Amino acid sequence: MFLTDVFKNFFSFIFNFKISEIRQAWRASIVCIVCLFVNQQWLKGEFPGWVLVTAIVCLQSNFGATLKRAKQRVLGTVLGCALAFLLTFLFPDNVTISVILLLISLLLAIYNSVYNNNSYTYTVFFFTFGLIALISALFHNGAEFAILRIEDVALGALIGTLASFLLWPDFAKKTFKDDLLHVVSELENLFQYIINWSAGEIKEEKVYIQKVLSATNNQNARIKISEIYHELGKKNYPLKEYEDFILSQERIHYTLLTIYNSLRINSYEKRKESLPFVYEQLNSIQNYFRICVARLPLSKEKAIELINSVDEFNLIENLEREAIKNLYDHHGKTASFDMIKYRSLLIRLLQEVKSMNAEINKILDYYVQSRV
């Protein structure tokens, strides 16, 4: 009875296609079988792993990411092969130069993959360039090797792309709403954590963790925009407007951290003098932020509903006036140099929130215009 339950749970888990990791595992398994079958039946190539590795590398979590990775890998391979063949043609039978080029290319490929994750094309280019240059110098069949490499990489990219599109497909646009909500919620949490820290309710470690979460979600959302672009192009979706909104979230994020770090490095006496003022103003700006960000439309229907809401606009104007009044009319605004500094930082934060609200208005206008 125990073993029956174990096997039942195991099979129900591995066939639970509602889990994205399970779908991806099945896609990868099928891609491996297809690549091996194609090589065995038709290609019969010397390097069957090239097709398989390329297909697996290109097979990403959604269709847009797969298209992006496939384009990058094919482009990097073609350019790397072309440049390597040109150099070996100019310097034939020079093993020393080929080995030097290989070492330099490997170093650049490793450096690029570690410190510049968004440039996968360059990583593939440097690696392919070094490999083809060395093969050309050692075996004198660089052109054949380069053509074979390009064919296998192109075929692997095609298999990976088709698998992503046909086998339980996931699309970047479908999950982008959740990414946007995470961006907003984590920034709101950072707002609240800094306010709580200024009131002495939490320690610095929690603010640090929340800072990392907020920055990570901003980066993930921007990557998702790039993936949606590869799926849809620029048609029928406000990609540029949403990207500008995410950038405004990043500016608010860094302005909040500037205020927090400025408070944190101060002495206890200076911090004690400034904290009540900063605490009060952060609460006021946070209220303004919350109402503004609540207007972020995640669909055309929501945008139409929001654009006709007069009460929302009146509330935003009132909160903005209140935040400005608190900043400029506070009795302690000229008490010391630190108070003047914090007041200027808080004004900058308020301006960034206003800028975010302007970006939200652009998204609303896009949906309304597309309706017309």
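Per-structure values
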item	result
Of residues in the range 224-246 being free of Cβ contacts under 8 Å to residues at least 40 places away in the same chain and assigned to a helix (DSSP H, G or I), the one most open to solvent (accessible area, probe 1.4 Å)	Lys240
Selected residue (criterion: nearest to the chain's Cα centre (by Cα)) from residues of the range 124-142 that are among the aliphatic types (A, V, I, L, M) and open to solvent by 40 Å² or more (accessible area, probe 1.4 Å)	Leu131
Residue that is outside any helix (DSSP H, G or I) and modelled with pLDDT under 95, where the choices are Asp152, Asp178, Asp170	Asp170
Filter pass, Thr161 being of a type in the set (S, T, N, Q), surrounded by fewer than 18 Cβ atoms within 10 Å (Cβ to Cβ), part of a helix (DSSP H, G or I) and in contact (Cβ under 8 Å) with a residue 40 or more places away in the chain	no
Which numbered condition Phe11 fails, given (1) within 33 Å of the chain's Cα centre (by Cα); (2) more than 30 Å from Asn141 (Cα to Cα); (3) among the hydrophobic types (A, V, I, L, M, F, W, C)	(1)
Count - residues of the range 141-200 that are under 30 Å from Asn39 (Cβ atoms) and not basic (Lys, Arg)	30
Members of the range 183-217 found to be touching a residue at least 24 places away in the same chain (Cβ under 8 Å) and of a type in the set (Asp, Glu), listed by number	Glu186, Glu188, Glu204
Entirely in the range 1-120, the helices (runs of 4 or more DSSP H) that have 2 or more residues that are of a type in the set (Gly, Ala, Ser) and farther than 21 Å from Ile135 by Cβ	20-38, 63-90
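Residue-wise test of (1) free of Cβ contacts under 8 Å to residues at least 60 places away in the same chain; (2) within 20 Å of Trp168 (Cβ to Cβ).
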| site | (1), (2) |
| --- | --- |
| Asn9 | yes, no |
| Phe13 | yes, yes |
| Ala25 | yes, yes |
| Val34 | no, yes |
| Val38 | no, no |
| Trp42 | yes, no |
| Gly49 | yes, no |
| Val57 | no, yes |
| Thr66 | no, yes |
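The values are calculated or read from the model by the stated rules, or taken from the named source; none is laboratory data. Everything numeric here is computed off the predicted structure, so don't read it as measured data. Every residue, glycine among them, receives a Cβ derived from its backbone with ideal geometry; neighbour counts consider all protein chains shown. Keep in mind that these areas ignore ligands, DNA and RNA; they rest on the heavy atoms of the full protein, side chains included. Shrake-Rupley method; radii C 1.70, N 1.55, O 1.52, S 1.80 Å.
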